Every structure is written in C-alpha cells, then in structure tokens.
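In what follows, a structure is listed as structure tokens, so that the remarks can point back to it.
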Amino acid sequence: VSCDNPNLSTRILKGSNILLSKYARDAQVVQAKFVKSSVRTNDCPSDGLPEFALVGRSNVGKSSLLNSLVRRKRLALTSKKPGK
C-alpha cells in the first residue's frame, strides 16, 4: 500500500494492507505458533492461554489475515483451492 499522507502511512501495518487504529500504537505480535486445528470445542487446547477464532466462508482471507497480523508468510497455510 502506498500513501502520500505521512500520518496515515505510519498507521499501515508494515508489509501488509492492514490499517491500524490509533489505539494500536506500536503493538505487535511477538511470538506465534500453530498448536493444532480442531473442529469440536472439546478438542481445543486447554493450556489456559487466550484463544481467538477466525470464522468465515472458504477462501475469504482468514489465513491471509492471520499471516499479516503476525507478519509471517506461512503460519497459516493458504491455497487457491477451498478447504485446503
């Protein structure tokens, strides 16, 4: 994303097209790792750490959003084929 407005360009997450709110300041993900995927709630990890769910139809950008937020290319795998 290119932007001529310096106030706006400082709020764009580096290497992505995600615009950070003014409340985000310099917040960033320090560490992220894939633990497991699960279909049922009972199969989710019970380690006491915070969890977030991204829900949406196939190929709408859930994995790409996650990769952008953690600034890694392949934490969540992406594919052109739905469901892969």
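The values are calculated or read from the model by the stated rules, or taken from the named source; none is laboratory data. Since we're looking at a predicted model, the values are computed, not measured. Neighbour counts run over all protein chains shown; Cβ positions are idealised from the backbone, glycine included. Protein only, heavy atoms only, side chains kept; ligands, DNA and RNA dropped before computing areas. Shrake-Rupley method; radii C 1.70, N 1.55, O 1.52, S 1.80 Å.
Please report, in debye to the nearest 20, how large the charge dipole of the range 32-83 is about its Cα centre when each Lys and Arg carries +1 at its beta carbon and each Asp and Glu carries -1 there.
The calculated dipole for the range 32-83 is roughly 420 debye.
With every protein chain kept in the model, how would you rank 39, 29 by accessible area, 1.4 Å probe, largest at the top?
Reading off the accessible areas and sorting them downward yields 39, 29.
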